[in-house]
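The values are calculated or read from the model by the stated rules, or taken from the named source; none is laboratory data. Computed from a prediction, not measured in an experiment: that's the story for all the values here. As a convention, Cβ positions derive from the backbone with ideal geometry for all residues, glycine included, and neighbour counts pool all protein chains shown.
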Amino acid sequence: MSKTVSDHLVARLLDWNVKRVFGYPGDGINGIMGALNRADGQIDFIQVRHEEMAAFMACGHAKFTGETGVCMATSGPGAIHLLNGLYDAKMDHQPVVAIIGQQARAALGGSYQQEVDLISLFKDVAGAYVHMASEPSQTRHLVDRAFRIAQAARTVTCIIIPNDVQEMDAAEPARKHGTIHSGTGYSRPRILPADADLQKAAAILNTGEKVAMLIGAGAFGAEEEILETADLLGAGIAKALLGKAVIPDDLPYVTGSIGLLGTKPSWDLMMECDTLLMIGSGFPYSEFLPPEGQAKGVQIDIDGSMLGLRYPMDVNLQGDSKETLRALIPLLQLKRDLTWRQHIADEIKRWWKILEARAMNEARPINPQRVFWELSSRLPDHCILTSDSGSAANWFARDLRLRRGMMASLSGNLATMCPGVPYAIAAKFAYPDRTPIALVGDGAMQMLGNNGLVTISKYWTQWKDPSFIILVLNNHDLNQVTWEQRVMVGDPRFDASQELPEFPYAQYAEMLGLEGIRVEEPEEIVPALERALAAKRPVVLDVVTDPNVPPMPPHINFEQARAFASSILKGDGNAMDMIRQTYKEAIKNYFP
Ligand SMILES: Cc1ncc(C[n+]2csc(CCOP(=O)(O)OP(=O)(O)O)c2C)c(N)n1
Ligand SMILES: [Mg+2]
């Protein structure tokens, strides 16, 4: 049998080192499915329950491996289902290629069944490159360009192939006018700022007496250089959410997360510093950065368009974070006065005590912070954490003390619900010997996560090490938004929109052949975690948590926090007023 366009496509994917594709079939891509079948396992096709999961998995794969994630879906409805996951990838700057089908060319423009204007539909999310094949010899350059642009621009691209084209004989471009002769491969360049700018940056950093560093996902791979820089500058380091795993939390001068979900030491670091060094972060909330004029600023980002965006920096350095720091380090002078650093370290020590006290506060029945607190010290080496959007993200950001060698991510910029389970699945396929731990709300489980369990049940026996934990915060509430209704808008909870129906997560897991553990009392947390960590199959931990534990703003003091939490737990009628008041105060701090 002669090779088809689809065979050619698959061969080209192999040339780009694609080993795994996440997707769901349909008659819009049957030609491609046939070719994948003929490729005899050279590319694993991971079947999801819903195309949105495939896109999240492709994004998660990219986040955890640095490779390009690939997802596939059929024309029309399948393609439409991909969109949210693709936006997640685009907004967190991950290279993802979506390959989708389309109706036959002869039908296009005919209001045909499942005919959706896919080029227009994907023009925003895959604006960097979205093209449809109308001729077999385009296959080669469509693949080459989709991959190279996704990697070079760290974004989402899309190839659309009508189903009749998929079945045509493969063709290489002819040697004549009007043809494209592309090749494969991409490697990251070494991007460095100009020497004069490095000198200027060093002068500022050397003059500063209280240096604060803020790092984000763009700082991955530069751990060593970041720590060396921080040591030279006597700096404290705060982390944007997506950069949580860049450096460990168990260093004495790491203040942890920043922002609404952040820590008080990060807040203080920014409010008290005289110099800010921001590396690889697009952290959006400027009110958590120093007030304008308080600090001199230096920023490093590989993307010139992200420079000087959140704080009016004195020096903007466009460059790779690792290489730029390497070039900067020889210009930095060792700070001998470590008063500032000691002050930060003292604050951090105190803060961990506060978090522990908050975690141990009683709740009805379980304080979610306690679950995270207990999990934190038991995290297995090299685990891969994923958090969903919801209250889990607060506790993920604050209470988990990541150690060297762990990975962690969530939907940073889109902050969408549902990536928790699919990111973890993608992580498991990429690193079968590591333990993914997904931290997910009951809302997200009901939205898509439960479907992810079906996918896990389909594949887990193939994993060399089946350890995999899904921690469900079962609070019967869309809690993060409930708190937003209360404290941002000042409304009571709108039960009709917020209350969630009961669902037996643990029992459901058992029905699927996984392990299910239900936790209803605080004393059961530790034994349940230990059992889950020792389990010989994937585990769903269904923890019944209290929706009335507020995700508190970072900078209220210990006494306030304690009084505040206990009044709520005792059902204080004034609790709502207190909460509103506390938030108002917090907000006044941001916007005096
Ligand atoms: C797709 C999507 N829909 C809605 C939201 C708004 N939202 C953010 S967090 C949240 C609540 C999530 O509830 P749950 O998963 O139960 O977590 P909880 O906050 O209760 O722990 C909602 C509705 C969103 N971010 N993404
Ligand atoms: Mg919930």
Hey, does the range 85-96 have a residue that's within 25 Å of THR179 (Cα to Cα), at pLDDT 95 or above, crowded, with 19+ Cβ neighbours inside 10 Å and small (Gly, Ala, Ser)? no
Can you find a residue in the range 65-84 that is under 12 Å from the mean Cα position of the chain (by Cα) and crowded, with 24+ Cβ neighbours inside 10 Å? no
The range 374-392: number of residues that are within 16 Å of ligand 1 (Cβ to nearest atom) and either closer than 14 Å to ALA528 by Cα or surrounded by fewer than 19 Cβ atoms within 10 Å (Cβ to Cβ) (or both): 1
Does LYS210 qualify as being touching a Phe, Trp or Tyr at 6+ places or on another chain (Cβ under 8 Å), under 30 Å from VAL254 (Cα atoms) and not aliphatic (A, V, I, L, M)? yes
Is the range 502-515 home to any residue that is within 15 Å of ligand 1 (Cβ to nearest atom) and aliphatic (A, V, I, L, M)? no
Does at least one position in the range 394-407 carry a residue that is in contact with a Lys or Arg (Cβ under 7 Å, 6 or more places away or on another chain), farther than 25 Å from THR229 by Cα, more than 13 Å from ligand 1 (Cβ to nearest atom) and modelled with pLDDT of 95 or more? no
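To keep it simple, each residue is scored yes or no on (1) surrounded by fewer than 23 Cβ atoms within 10 Å (Cβ to Cβ); (2) closer than 18 Å to GLN103 by Cβ.
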residue: SER6; (1), (2): no, yes
residue: ALA11; (1), (2): yes, no
residue: LEU14; (1), (2): yes, no
residue: PRO25; (1), (2): yes, yes
residue: ILE29; (1), (2): no, yes
residue: ASN37; (1), (2): yes, no
residue: ASP40; (1), (2): yes, no
residue: PHE45; (1), (2): yes, no
Which residue, of GLN480, GLN446, is closer than 23 Å to SER376 by Cα, within 16 Å of ligand 2 (Cβ to nearest atom) and not aromatic (Phe, Trp, Tyr)? GLN480
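So, in the range 417-443, exactly how many residues are within 16 Å of ligand 2 (Cβ to nearest atom) and surrounded by fewer than 19 Cβ atoms within 10 Å (Cβ to Cβ)?
The total comes to 0.
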Considering VAL440, VAL526, VAL487, VAL481, which residue is under 22 Å from ALA55 (Cα atoms), of a type in the set (A, V, I, L, M) and either within 16 Å of ligand 1 (Cβ to nearest atom) or part of a helix (DSSP H, G or I) (or both)? VAL440
Pairs only if they're at least six apart or on different chains, beta carbon under 8 angstrom, first in the range 458-487 and more than 18 Å from ILE437 (Cα to Cα), second of a type in the set (A, V, I, L, M) and assigned to a strand (DSSP E or B); list them, first residue then second. ASN475/VAL544; ASN479/LEU473
Among the residues of the range 449-472, is any in contact with a helix residue (DSSP H, G or I) (Cβ under 6 Å, 6 or more places away or on another chain), assigned to a helix (DSSP H, G or I) and within 16 Å of ligand 2 (Cβ to nearest atom)? yes
Every residue in the range 529-554 that is under 16 Å from GLY441 (Cβ atoms) and outside any loop (DSSP other than H, G, I, E, B), please. VAL540, LEU541, ASP542, VAL543, VAL544, THR545
So is GLU323 in contact (Cβ under 8 Å) with a residue 24 or more places away in the chain, over 22 Å from ARG190 (Cα atoms) and not in a loop (DSSP other than H, G, I, E, B) or not? no
The one condition LEU334 fails out of (1) within 21 Å of ALA397 (Cβ to Cβ); (2) in contact (Cβ under 8 Å) with a residue 40 or more places away in the chain; (3) part of a loop (DSSP other than H, G, I, E, B) is (1)
Would it be correct to say that SER321 is under 30 Å from ALA152 (Cα atoms) and surrounded by fewer than 16 Cβ atoms within 10 Å (Cβ to Cβ)? no
Lone qualifier among ASP117, ASP144, ASP164 - being more than 24 Å from THR184 (Cα to Cα), out of contact with any His (no Cβ under 8 Å at 6 or more places or on another chain) and surrounded by 15 or more Cβ atoms within 10 Å (Cβ to Cβ): ASP164
Of all residues in the range 539-572 being away from ligand 2 (no atom under 16 Å from the Cβ) and in contact with an Asp or Glu (Cβ under 7 Å, 6 or more places away or on another chain), the one that is modelled with the highest pLDDT: VAL539
Answer yes or no: is there a residue in the range 412-419 that is under 17 Å from the mean Cα position of the chain (by Cα), among the β-branched types (Val, Ile, Thr) and part of a loop (DSSP other than H, G, I, E, B). yes
Looking at (1) exposed (fewer than 13 other Cβ atoms within 10 Å of the Cβ); (2) under 27 Å from the mean Cα position of the chain (by Cα), which one does PHE468 not meet, given that it meets all the others? (1)
Candidate set from the range 481-499 (those that are of a type in the set (A, V, I, L, M) and more than 18 Å from THR416 (Cα to Cα)); member that is surrounded by the fewest Cβ atoms within 10 Å (Cβ to Cβ): ALA496
Given the criteria out of contact with any Pro (no Cβ under 9 Å at 6 or more places or on another chain) and in contact (Cβ under 8 Å) with a residue 12 or more places away in the chain, does PRO527 qualify? no
With respect to GLY412, is the statement that it is within 16 Å of ligand 2 (Cβ to nearest atom) and buried (at least 21 other Cβ atoms within 10 Å of the Cβ) true? no
For GLN446: the one exception among (1) closer than 22 Å to TYR87 by Cα; (2) surrounded by 20 or more Cβ atoms within 10 Å (Cβ to Cβ): (2)
Over the range 380-405, the set of residues part of a loop (DSSP other than H, G, I, E, B), within 16 Å of ligand 2 (Cβ to nearest atom) and closer than 18 Å to THR435 by Cβ is ASP388
